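Here's the structure, in structure tokens; my notes come after.
No lab work stands behind these numbers, since they all come straight from the coordinates. The structure displayed is predicted, hence computed values, not measured ones. Note: ideal-geometry Cβ built from the backbone for every residue, glycine included; neighbour counts use all protein chains shown.
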Amino acid sequence: MVNSDQLVVAHMGERDGAPYLIDCRRAALESERDTAKVLAKLVKDMAVQDKQCSYVLNRKDYNLHLVEAPEVEASELRAAVRWKIKDLLDMKVEDAAIDVFRVPEDAYRGREMVYVVAALKSRIKSVVDMVTSSGLELAVIDIPELVMKNLSGCFIDDANGVAFMDLRRNGSTMNITRGGELYLSRRINTQLDPDVMNSAEWSDLKDRLVLEIQRSLDYYESQMGQSPINRIVIGQRQHDGQALTETLNGLLNADVSVLDLAEYIKSEVRLTPETQQIGMAAIGATLRGKNKISKTDSSEQEAA
């Protein structure tokens, strides 16, 4: 996972059929131009040369659009969508790399909808070249919304629907899933620093955050015709995950909890709240295709 000021690499394996975190490291970036050099050093230091990897795009590197699916064969969908969204793009359509993932059939009252991911072909090529030159084998280029879907699919019971939120300073996201399917993904515009609850702006930010959350839940229920969401899970935060959860519990008509990856993943790295927030996207990227995972035994986790 690469942001404008840091790069995070998580090395995951399996133990007893469950995901196992072998290593997770962060490196600061003085400039994005340093990314290739810093990644190559991390790969060497972590001794993960020739390992397959998933690369998570920075939010500024792609656009995500929800559009009605063209009435074409599945094999023609990507090409048809490319021209359908050309006026929505901030790049020339011929310069765009396009991917598509469908929304469940019952999500929009019978209308067939798809999410479309668009990124510059040149950016995708630079990612491929950088990862390859670092010594890793690139398997997947992913986006944060789908990485969050991996996490909720593995660790959160969403049989009756759940809203999963990743709340950060540089961009927050809410996913609503049910039965492992992504129904709605929305950006949360309220910026939340790691110590936001101690800031003078917290009162105003709190009201804004609650309003954004409630609007998304109302949209899911009223515009999409779905049953109300009664459970919200937030990704771990560096300092205030539990306090923020308790605050939101008192302001929203839903049960709010925090996802503690340490309850599910055995690890050679101590999964502190800070490590979890920093490494969440990198860890989630390794979970594509994984099924529901039970909580680990607490005594085993403490000894890891």
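A Förster distance of 25 Å, applied to the separation of the beta-carbon atoms of residue 93 and residue 187, puts the FRET efficiency at 0.65.
Using R₀ = 35 Å, calculate the FRET efficiency as 1/(1 + (r/R₀)^6) where r is the Cβ-Cβ separation of residue 60 and residue 201; round to 0.05.
Numbers: r = 24 Å, r/R0 = 0.68.
Efficiency at R0 = 35 Å is approximately 0.90.
Highest-first packing order for the peptide set 100-107, 279-286, 250-257, 158-165 is 279-286, 158-165, 100-107, 250-257, based on the mean count of other beta carbon atoms within 10 Å.
A dipole drawn for segment 1-117 from +1 and -1 charges on Cβ atoms has a positive end, and of 21, 52, 104 the residue lying farthest that way is 21.
Potential lengthening of the chain between residue 293 and residue 223 amounts to 22.0 nm, from the contour at 0.36 nm per residue minus the alpha-carbon distance.
Between rounded, prolate and oblate, where does the chain land on the alpha carbon gyration tensor, with a ≥ b ≥ c its root eigenvalues, rounded for a/c under 1.5, else prolate if a/b exceeds b/c? All intermediate terms of the calculation are to be shown ahead of the outcome.
Working: a/c = 1.44, a/b = 1.04, b/c = 1.39.
Judged from the Cα gyration tensor, the chain comes out rounded (a/c under 1.5).
Here segment 1-41 is scanned for amide nitrogen atoms under 18 Å from the site 7 Å beyond the Cα of residue 169 along Cα-to-Cβ, giving 2-8, 26-32. Cβ-Cβ distance of residue 121 and residue 34, R₀ of 25 Å, FRET efficiency by 1/(1 + (r/R0)^6): the value works out to about 0.60. Step through the table entries 206/266; 41/292; 41/125; 92/290; 84/149, compare each Cα-Cα distance with 24 Å, and write down the pairs that go over it. Result: 206/266; 41/292; 92/290; 84/149 exceed 24 Å.
Multiplying the residue separation of residue 269 and residue 101 by 0.36 nm and subtracting their alpha-carbon distance yields 57.1 nm.
Rounded to the nearest 20, the size of the Cβ-charge dipole of segment 60-122 about its Cα centre is 180 debye, with Lys and Arg at +1 and Asp and Glu at -1. Taking the average, over residues, of other Cβ atoms within 10 Å as the packing measure, peptides 259-267, 241-249 rank 259-267, 241-249 from highest down.
Inter-label distance, residue 111 to residue 239: 4.3 nm, where each label sits 7 Å from its Cα along the C-beta direction.
Spin-label model, residue 255 to residue 16: label points 7 Å out along the Cα-to-beta-carbon direction sit 2.6 nm apart. Placing a pseudo-label 7 Å from each Cα along the Cα-to-Cβ vector at residue 80 and residue 211 gives an inter-label distance of 4.0 nm. Out of the DSSP beta bridges found with both residues in the chain, what percent are antiparallel (nearest 5)? Bridges in the chain are about 70 percent antiparallel.
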